[in-house]
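Asker: My structure is below; once you've seen it, I'll send some questions.
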Amino acid sequence: MLRTIMIFPQFKNIEIINEIRNRYDPLAKLVRPHITLVFPFENEMSNEELEEKLVSSLKDVKPFELVLHGFSKTDDNYLFLDIEKGKDIIEGIHDELYANHFKDYDLGLPYIPHMTVGKLNNEQELSNAYEYVKNIDESFQTIVNKISVEMIGEHDESIIVFDRRLDDNN
């Protein structure tokens, strides 16, 4: 059973993100727009154990403002919507989770908080997609008040196992 830990932000103007993802992201129909905190992992941990670990890791995290704005592209043909505000908190959550509960799944790659809006087949397709989005000057703002654990179904669909509300942290 593959699971991930993610933020599923809710934006008033999310239809813009959805339109871009529908055009460029093969996972658009399977999982809502998200920011991954812990990449897909497989282990025998029960959902109850996982929730305990998440609660302990998030005990000091309060709801926070998230602003996404601007696009970037990667060398491996991904198109990202960049994080303008909230990046430090997201990095902190990611680092805490990997340092204390998911060390065995850390591939040692640098973590760059982002929202993937495209996965293209080659550099030319990526360049075309970037040309399409680079002048979109829309900001996407919300308050992040929960972290979700997702299970990846047998057809790669997203199944939310549980949510941990950040406003439950006193």
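The values are calculated or read from the model by the stated rules, or taken from the named source; none is laboratory data. Small disclaimer: the values here were computed from a predicted structure and weren't measured. Cβ sites come from the backbone with ideal geometry, for glycine too, and all protein chains shown count toward neighbours.
Asker: I'd like the full set of residues that are among the β-branched types (Val, Ile, Thr) and crowded, with 20+ Cβ neighbours inside 10 Å, limited to segment 1-11.
Answerer: Correct list: Ile5, Ile7.
Asker: Pairs needed: first member in segment 148-165, farther than 15 Å from Leu50 by Cα; second member anywhere, surrounded by 13 or more Cβ atoms within 10 Å (Cβ to Cβ) and of a type in the set (D, E, K, R); C-beta distance under 7 Å; at least 6 residues apart or different chains.
Answerer: From residues that are farther than 15 Å from Leu50 by Cα, the pairs are Ser158/Arg32; Ser158/Glu150; Ile159/Glu150.
Asker: Still on this structure, please answer the following. List every residue pair whose Cβ atoms lie under 9 Å apart, where the two residues are 6 or more positions apart in sequence or sit on different chains, the first residue falls within segment 84-104 and is more than 18 Å from Leu50 (Cα to Cα) and without any contact (Cβ under 8 Å) to a residue 24 or more places away in the chain, and the second residue, located anywhere, is among the aromatic types (Phe, Trp, Tyr) and surrounded by 19 or more Cβ atoms within 10 Å (Cβ to Cβ).
Answerer: Once the first residue is more than 18 Å from Leu50 (Cα to Cα) and without any contact (Cβ under 8 Å) to a residue 24 or more places away in the chain and sits in segment 84-104, no partner that is among the aromatic types (Phe, Trp, Tyr) and surrounded by 19 or more Cβ atoms within 10 Å (Cβ to Cβ) comes close enough.
Asker: Search segment 54-79 for residues that are over 22 Å from Gln141 (Cα atoms) and pair each with any residue that is of a type in the set (Gly, Ala, Ser) and modelled with pLDDT under 95 when their beta-carbon atoms are under 7 Å apart and the residues are at least 6 apart or on different chains.
Answerer: none
Asker: Could you check segment 12-41 and list, in sequence order, the residues that are of a type in the set (A, V, I, L, M, F, W, C) and either within 16 Å of Gly118 (Cβ to Cβ) or surrounded by fewer than 19 Cβ atoms within 10 Å (Cβ to Cβ) (or both)?
Answerer: Result: Ile14, Ile16, Ile17, Ile20, Leu27, Ala28, Leu30, Val31, Ile35, Phe39, Phe41.
Asker: Could you tell me whether Pro9 is closer than 19 Å to Ser127 by Cα, assigned to a loop (DSSP other than H, G, I, E, B) and touching a strand residue (DSSP E or B) at 6+ places or on another chain (Cβ under 9 Å)?
Answerer: no
Asker: Being within 25 Å of Ile136 (Cα to Cα) and loosely packed, with under 14 Cβ neighbours inside 10 Å is the requirement here; does Asp88 meet it?
Answerer: In short, yes.
Asker: Let me ask another. Applying the selection to segment 56-82, what residues are at positive phi and of a type in the set (Gly, Ala, Ser)?
Answerer: Passing the criteria: only Gly70.
Asker: Which of the residues that make up segment 120-136 are surrounded by fewer than 20 Cβ atoms within 10 Å (Cβ to Cβ) and without any contact (Cβ under 8 Å) to a residue 60 or more places away in the chain?
Answerer: Listed by number, the residues that qualify are Asn121, Asn122, Glu123, Gln124, Glu125, Ser127, Asn128, Tyr130, Glu131, Asn135.
Asker: Are any residues in segment 21-53 more than 16 Å from the chain's Cα centre (by Cα), closer than 28 Å to Phe140 by Cβ and of a type outside the set (Ser, Thr, Tyr), and if so, which ones?
Answerer: Matches in segment 21-53: Asn22, Arg23.
Asker: Same structure again: Determine whether Lys103 is surrounded by fewer than 18 Cβ atoms within 10 Å (Cβ to Cβ) and more than 16 Å from Ile143 (Cβ to Cβ).
Answerer: When the stated conditions are applied, Lys103 passes them.
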